Every structure is written in structure tokens, then in C-alpha cells.
Amino acid sequence: MNVYQLLVSIPRNDIRFLLQKGIMNPSTLHYMEIYADFTEERAMGVKKMQAYCNVGIKHRISEERCRKIIQMMNGEQ
């Protein structure tokens, strides 16, 4: 189970609670969106480097930052 799968398994109300209490980083939800968009691109057959570029453009982040976020969300927990 990677980080993204773990976060998706947590109910949204619990995530909101963790965000309000300052336990979870507010950018976590944005990272989840980035990862979901990346996996969607890959599922459509887009090559990995092009998917990084497309998602980076969509979310207005650099390709390098996109790769780091994807790598972080792919981490095993």
C-alpha cells in the first residue's frame, strides 16, 4: 500500500479534522489531486515523462516538483 492508497482509504471527514487540528499538511489534498491526475494520464497511455509535464502544467508546478510529489505519494507505508 502506497501513501496515496492509504490517504484515499481515510474518510474525508477525518482528513478535514486532521487538517483543522494541524496534524496533516494542508498541501496533502493537492498532492492527492496531482497523483490522481498523473495515474489517469498513465492509464490513458501517456508516457511517463509526458505525464509529468502535462500534470505540471495543469497544476502550475514544475516538472521536477511533480516528479517529487509522485515519488512521495508512491512511497510504501
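All of the numbers you see were taken from the coordinates with simple rules; none came from a lab. Source: prediction; values computed, not measured. Ideal geometry is used to build each Cβ from the backbone, glycine not excepted, and the neighbour counts take in all protein chains shown.
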Using a simple charge model, +1 on the beta-carbon of Lys and Arg, -1 on the beta-carbon of Asp and Glu, nothing else, what dipole does region 34-77 show about its Cα centre, in debye to the nearest 20?
140 debye
Could you check the simple spin-label distance between Q71 and H30, using points 7 Å along Cα→Cβ, in nm with one decimal?
2.0 nm
Taking only Cα atoms, what is the 0 to 90° angle, nearest 10, from helix 63-74's long axis to the longest principal axis of the chain?
50 degrees
Can you tally the lysine pairs in the chain where the Cα-Cα distance is under 19 Å and the two residues are eight or more apart, or on different chains?
5
Can you give me the orientation-averaged projected area of the convex hull built on the Cα atoms of the chain, in nm²?
5.2 nm²
Return the FRET efficiency for the residue pair S62, L18: r is the Cβ-Cβ distance, R0 is 25 Å, and the value is rounded to the nearest 0.05.
0.35
Suppose the chain between Q50 and I10 were pulled fully straight at 0.36 nm per residue; how much longer would it get relative to their current alpha carbon spacing?
11.4 nm
